[in-house]
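Values in this text are rule-based calculations from the coordinates and carry no lab data. Remember, predicted model here, so these are calculated numbers, not experimental data.
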Amino acid sequence: MRAPSTPASRDAPAEAGRTVRRAVADLREGLSARSLWGHLGWQDIRARYRRSVLGPFWIAISQAVIAVGLGLLYGVLFHTYIPTFIPYLLTGLITWNLIQGCLTEGMETFIANEG
């Protein structure tokens, strides 16, 4: 024998469907605002490196120095062809730093806006 369904249990799937539709609509709206992403990103870089001489190029310069240093060191240690090894190393470093930066700054966003 089946228990009679209550109005709350009948509305739960409908409510979940509305929530999913709202989430998908919110994602579409966010993806369509690419110009806003660029503007907010540029403002963040300008604010972060306001008093720096090298400015936003500091990130690229430091990554290049790290990649060349590690590429030369590991290339010699592992007896690999350095011009082939450095692009692989740089690709891995860029990918890792992207993941690390997204996680770190994402957590800092929640901490800064907890109020």
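In the stretch 7-112, what is the volume of the convex hull around the alpha carbon atoms, normalised per residue and reported in Å³? Numbers along the way, then the final one.
On the way: hull volume 20.8 nm³, N = 106.
Cα convex hull per residue, to the nearest whole number: 196 Å³.
Find the centroid of the Cα atoms in the stretch 69-83 and in the stretch 91-105, then give the distance between the two in whole Å. About 22 Å separates the Cα centre of the stretch 69-83 from the one of the stretch 91-105.
Calculated mean residue ellipticity at 222 nm for the chain: -28000 deg cm²/dmol, from DSSP H runs with n ≥ 4 weighted as -39500 (n - 2.57), summed, divided by the residue count and rounded to 500.
Would you be so kind as to identify all helices of the chain, as entire DSSP H runs, whose Cα atoms reach 18 Å or more along the helix's own axis and whose mean Kyte-Doolittle hydropathy is at least 0.5? Spell out each step's value before the answer.
On the way: long enough: 7-31 (36 Å, -0.61); 34-48 (21 Å, -0.88); 57-77 (30 Å, 1.99); 82-112 (43 Å, 0.94).
Span-like helices, by this rule, are 57-77, 82-112.
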